[in-house]
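The values are calculated or read from the model by the stated rules, or taken from the named source; none is laboratory data. Here the structure is a predicted model, which means the values were calculated and not measured. Here the Cβ is made from the backbone with ideal geometry for all residues, glycine too, and neighbour counts use every protein chain on show. When the accessible area is computed, the model is the full protein with side chains, heavy atoms only, and any ligands, DNA or RNA have been set aside. Shrake-Rupley method; radii C 1.70, N 1.55, O 1.52, S 1.80 Å.
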Amino acid sequence: MPALRARACLFLALAGSAWPGARAADASPRLWFAQPAAKWTDALPVGNGRLGAMVFGRVDAERIQFNEDTLWTGHPHDYARPDALAYLPRIRQLIADGKPDEAGKLAKEHFLGDPPRQKAYQPFGDLRLDFTPPDNSGSAASAAPGVANYRRELDLGTATAVVAYNQAGVTFRREVFASFPDNVIVVHLTADHPRAINVRIGMDSPHLGSTTVAPDDRTLILRGQVEAGGLRFESRMLARISGGNIRRDGNALRITGADSATLVLAAATSFKSFQDTSADPDARCRTTLDRIGDRTEASLRSAQLADYQRLFRRVSFSLGDDSSADSVPTDQRLDRVKRGGLAEDPTLPALYFQYGRYLLIASSRAGGQPANLQGIWNEQLDPPWESKWTTNINLEMNYWPAEVTNLTECTAPLFDLIDDLAVSGHRTARVQYGVGGWVLHHNTDLWRGTAPINGIDGVWPTGGAWLCQHLWEHWLFTGDRTFLAQRAYPVMKSAAEFFLEDLIKDPKTGWLVTSPSYSPEQGTLTAGPTMDNQLIRALFEHTRAAAGLLGIDPDFAGRLAAAQAQLPPNQVGKYGQLQEWLADVDRPHNAHRHMSPLWALFPGDDINPSDPRIFAAAKKLLTWRGDGSTGWSYAWRIALWARVDDGDVAYHQLELLYRRKTLPNLFDLCGPFQIDGNFGTTAGIAEMLLQSQSRTERGDSAGIPVIQLLPALPHAWTDGAITGLRARGGFEVDERWHAGALVSATIRGTPGAACQMRYGTLTTTVRLPAAGRLVLGPALAAASVPPAADRSTATER
C-alpha cells in the first residue's frame with residue numbers, strides 16, 4: 001500500500017500547516033462589477049426571506065427594486081373543479097383503451113382546475129435615489145462623468161450589496177442589506193467628506209392606482225392594491241440623517257448637506273393566510289418600524305450580521321487560491337469561462353456554490369413563503385410561469401441544498417407550505433377523485449391551488465408525494481423525533497391515504513397505477529409512469545418506516561406494505577434503458593430536459609449499485625438524455641452523474657451551465673431568469689463531494705448511514721477543501737484533498753453515533769468518541785490533528 005502510506009505522510013505534513021491554496025478564514029466570497037447594472041438581471045440581490053431587493057448601483061439615479069413574498073394576484077380560492085369526478089372513470093377507460101388523445105381532450109375540458117391557470121407573484125415597488133442636483137438631469141443609466149474607482153459588489157460574507165465610487169474628489173459609499181431579525185431593508189449612505197450627501201428619495205410601484213405620500217419630513221408611504229378585491233399593500237420608508245437637512249419635497253424627501261443617511265424600509269400586505277386576507281398592511285409597517293425605534297444603523301447591522309453569519313459561516317469551500325481570480329470583475333470571469341471553459345477560471349464553482357447558499361438564506365426564512373421560481377426577486381407584473389411553485393421539479397430543486405449545505409432552518413417555509421397544501425389538497429382529493437387524503441398536481445400558488453392546471457401536463461398527481469420526501473429527508477439529516485411525529489408523519493400518512501384509495505389495477509399487468517397521469521413533461525396522458533411509481537414507492541416505504549419508528553399505526557403500515565408490493569417495479573427496456581413508461585416505448589437518445597424516470601437515482605435513492613441491472617439501465621437512460629438545456633436541467637444532471645460516481649461528466653454539465661445558462665450576476669437561466677438552477681447546482685456540487693444516501697442495510701431505517709467521501713471528484717479539482725457539509729444521520733463532515741486524493745476527513749456528531757465511511761474502495765465503520773469529533777486520514781484510519789489545522793464549523797443550534 002505505498003500510495004496510501006505516501007498520502008498518510010502528506011496528511012501528517014499538512015495537518016499542522018496552512019492548507020495550500022485556501023483563502024484566509026475571514027475572507028468573504030463576493031461578486032463584484034466595475035459598472036452599474038444596465039438591466040434588472042445585472043442587478044445584485046439582497047433578501048431576508050420576506051423582503052427582497054435588486055440593487056442596480058447607478059450613480060446619479062439609483063434604483064432599488066423590491067418585493068414582498070405575499071404580494072400576488074388573486075384572492076382566496078378553491079381551484080378544485082366540482083364536475084371533474086363525473087368524468088374521471090371515462091378518462092381512465094380511454095387511457096386503458098389506448099386512446100390517450102381522446103382522454104387528454106376530455107381532461108382539458110372537464111378535469112383541469114377552475115380556473116385552469118393559477119395566479120402570479122408580483123413586484124412591490126421601487127426605491128429611487130436621485131443624486132443629481134436639481135438643475136442637472138445627469139445620467140441615470142451609467143456612471144456619471146467625473147466618476148472614478150467605481151465598484152459594485154455583493155459581499156456574501158455579510159449579505160451586503162455595496163456601491164462605492166469617487167466623484168469630484170469625494171468617495172461615496174452605499175450599502176444595502178436586508179435584516180431578518182428586524183424585517184426591514186436598510187440603505188446606508190456615507191461619504192469621506194462632511195456634508196457631501198445630497199439626494200432626493202422617492203418611491204413608486206408598477207401597480208395602477210398606487211400612491212406615494214410624504215406625511216412628514218422623515219417618512220415616505222407607498223400604498224396600493226394589486227387588483228379590485230385583491231391584496232392591499234403598503235411600504236414605509238423612514239429616513240435618518242447625521243448632519244445636514246431633510247425635508248418633504250412633494251411626494252418625496254430631499255436630503256441636503258448630510259454626513260450620512262440611513263433609510264429603513266418596511267413593507268407588508270393584507271395576506272394572513274391562503275384563506276384570509278384581512279390583515280392591515282399599514283399597521284404591520286408601523287409595528288415593524290416602531291419596534292426598531294431609534295436604533296442606529298450599527299445596531300441594525302449587528303443584529304443582521306449575527307443572524308446571517310450564524311447560517312452562512314457553517315460551510316466554507318475552496319478550490320485553490322482564488323486571489324487572482326477575485327481581482328477580476330465577476331462578469332469578466334464568467335465571460336472567460338463562456339469563451340474558454342472552466343480552465344480559464346477553475347475556482348468559479350466555489351463562488352457559485354456559496355452564492356447558491358446565500359440566495360437560499362435570502363429567499364427562505366421561517367415565517368415566510370418558500371422560494372418560488374425566482375426565489376423572492378421579480379420586477380414583472382406578468383412573470384414567466386407566474387413565478388409560482390412548480391412541483392414537478394422546480395420547487396423541490398430549490399430545497400435540494402438546504403440539508404446537505406447546512407441550512408436546515410431554511411426549510412421551514414417549505415414545510416409550512418406543505419401543511420397548507422394538505423388542507424387544500426384534501427378538498428381536491430375529495431372533489432376531483434372521490435377519495436380521502438390529499439393530492440397536489442404540478443403547480444401551486446399563494447392560494448394553495450392543488451388541482452391540475454394549464455393543460456394535460458398538469459394532470460400529474462404525485463407532487464404531494466415528492467414534497468413528502470423533503471419531510472423524510474429532514475428527519476434523516478436531523479433526527480428530530482418531534483418533527484417526525486408532529487409535522488412529517490401526519491402529512492405523509494394523509495398523502496399515502498390518497499394513493500391507497502386512488503390507485504387502480506392496470507388491466508394488462510395487474511399492477512396498482514396512477515391514472516390519469518403524465519411523465520413530466522413529455523408524452524400524453526398515461527397510467528403509471530415510472531416517476532409516479534418511484535415517488536409512491538418511496539412515500540409508502542418512508543411512511544411505513546416512520547410508523548415503525550414512532551411505534552404507531554401497525555395496521556396502516558401493513559396496508560402500505562401490501563400496496564407497495566403491487567406497484568410497478570423499475571423496468572429495463574429493449575435497449576437496456578430504464579423505461580419511462582409502463583410500455584417499452586422510449587425513443588433512443590431522447591434528450592428531454594426532464595429526468596423524470598431517474599428520480600429514484602436522484603434525489604431518491606432506490607436506484608443504486610445494490611441492483612446492478614437497474615443501476616446500469618438508469619445510467620443508460622442518463623446517457624441518452626445527453627446535456628442539459630435549461631439551467632435547472634444542467635443542475636439535475638450534475639447531481640445524477642455524481643450519483644453514478646462520474647465526476648468528470650458532472651463537471652462537464654457544470655461547465656456548460658456557466659457557458660450557456662448563466663447571467664452576468666450569476667443568476668440561472670431557464671429561458672428567462674429562474675433560480676432553481678442556482679440551488680440545484682449548489683446541491684449537485686455538494687453531491688460530487690459528499691454522499692450519504694445509503695445505509696449498511698436496505699429497507700426501513702435499519703442499519704447505519706454510509707458516508708461517501710469525494711464520490712465524484714472531477715480530475716479538474718486537484719486541490720480543495722470543504723467544511724461543514726451535512727450527512728444523513730446527523731453528521732457534519734469536512735474534507736480536504738490534494739493532487740486528487742483525500743488528505744483528511746473530519747466527522748462531527750452526537751457522541752457514540754456510528755456510521756460507515758467510504759472512500760474509493762476503502763471502507764471503515766466508526767463510532768464518534770465522547771468529544772463528538774473524529775479525524776480520519778487518507779487510509780480512513782483515525783488520526784490526531786492539531787486544533788489549528790481543523791477549521792471546524794460546528795453547527796450552531
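Peptide packing for 178-185, 337-344 was compared via the average number of neighbouring C-beta atoms within 10 Å per residue; ordered from the highest value, the list is 178-185, 337-344.
Straight-distance candidates among the lysines for linking to Lys661, with alpha-carbon spacing under 19 Å and chain neighbours fewer than 8 residues away dropped: Lys39, Lys338.
Extending 7 Å from the Cα toward the beta-carbon at both Val328 and Asp217 defines two label points whose distance is 5.2 nm. The mean sequence distance of close C-alpha pairs (under 8 Å, at least 6 residues apart), as a share of the length of the range 396-465, puts its relative contact order at 22 percent.
What is the chain by shape, rounded, prolate or oblate, if you read a ≥ b ≥ c off the alpha carbon gyration tensor as root eigenvalues and call it rounded for a/c under 1.5, prolate for a/b larger than b/c, and oblate otherwise? Oblate, since a/c reaches 1.5 and b/c is not below a/b. Note on Ser242/Asp584: beta-carbon distance plugged into 1/(1 + (r/R0)^6) with R0 of 56 Å gives a FRET efficiency of 0.15.
Per residue, the range 302-384 exposes an accessible area of 31 Å² to a 1.4 Å probe, with every protein chain left in place. For a straight C-alpha distance cut-off of 17 angstrom, the aspartates and glutamates reachable from Lys108 (same-chain residues fewer than eight places away being disregarded) are Asp83, Asp457, Glu521.
Given a Förster distance of 56 angstrom, what is the FRET efficiency for Thr524 paired with Asp321, based on the Cβ-Cβ distance and rounded to 0.05? Computed FRET efficiency for Thr524 and Asp321 comes out at 0.55. Using the Karplus relation 6.51 cos²θ - 1.76 cosθ + 1.60 with θ = phi - 60°, the per-residue 3J(HN,Hα) values for the range 378-387 come to 6, 10, 9, 6, 10, x, x, 6, 6, 6 Hz, with x marking Gly and Pro.
With each label modelled as a point 7 angstrom along the Cα→C-beta vector, the Asp204-Gln275 pair spans 4.1 nm. Computed on the range 603-675, with alpha-carbon pairs under 8 angstrom and 6+ residues apart, the relative contact order is 24 percent. Taking 0.36 nm per residue of separation and subtracting the current Cα-Cα distance, fully stretching the chain between Ala565 and Glu109 would add 160.7 nm.
Highest mean packing first, where packing is the average number of other Cβ atoms within 10 Å per residue, the peptides 551-557, 495-501 line up as 495-501, 551-557. Under a Cβ-only charge scheme (Lys and Arg +1, Asp and Glu -1), can you give me the dipole magnitude of the chain about the Cα centre, in debye to the nearest 20? Computed about the Cα centre, the dipole is about 780 debye. For Arg295 and His715, a Förster radius of 45 Å and the Cβ-Cβ distance give a FRET efficiency of 0.30, rounded to the nearest 0.05. In this simple spin-label approximation, Asp416 and Ala770 carry label points 7 Å from Cα along the Cα→Cβ vector, and these lie 4.3 nm apart. Counted by Cβ distance under 11 Å from His652, the other residues give a net charge of -2, where Lys and Arg count +1 and Asp and Glu count -1. Per residue, the average separation of C-alpha pairs within less than 8 Å and at least 6 apart gives the chain a relative contact order of 13 percent.
Local charge sum around Thr662 (other residues, Cβ-Cβ under 9 Å, Lys/Arg +1, Asp/Glu -1)? Charge balance in the 9 Å sphere: +3.
Protein heavy-atom accessible surface, 1.4 Å probe, per residue over the range 243-293: 42 Å². Stretched out straight at 0.36 nm per residue, the stretch from Arg339 to Asn166 would grow longer than its current Cα-Cα span by 59.0 nm.
Shape class for the range 135-280, computed from the alpha carbon gyration tensor (a ≥ b ≥ c): prolate, with a/c not under 1.5 and a/b above b/c. Straight-line reach from Lys505: which lysines have Cα under 22 Å away, leaving out those fewer than 8 places along the same chain? Within reach: Lys99, Lys493.
Relative to the current alpha-carbon distance between Lys39 and Arg660, full extension at 0.36 nm per residue lengthens the span by 221.7 nm.
Highest-first packing order for the peptide set 81-93, 633-645, 213-225, 386-398 is 633-645, 386-398, 213-225, 81-93, based on the mean count of other beta carbon atoms within 10 Å. Here the chain has 51 percent of its accessible surface on carbon and sulfur atoms, given a 1.4 Å probe and all protein chains in place.
Taking a ≥ b ≥ c as the square roots of the eigenvalues of the Cα gyration tensor, the range 584-635 is oblate, since a/c reaches 1.5 or more and a/b is not larger than b/c.
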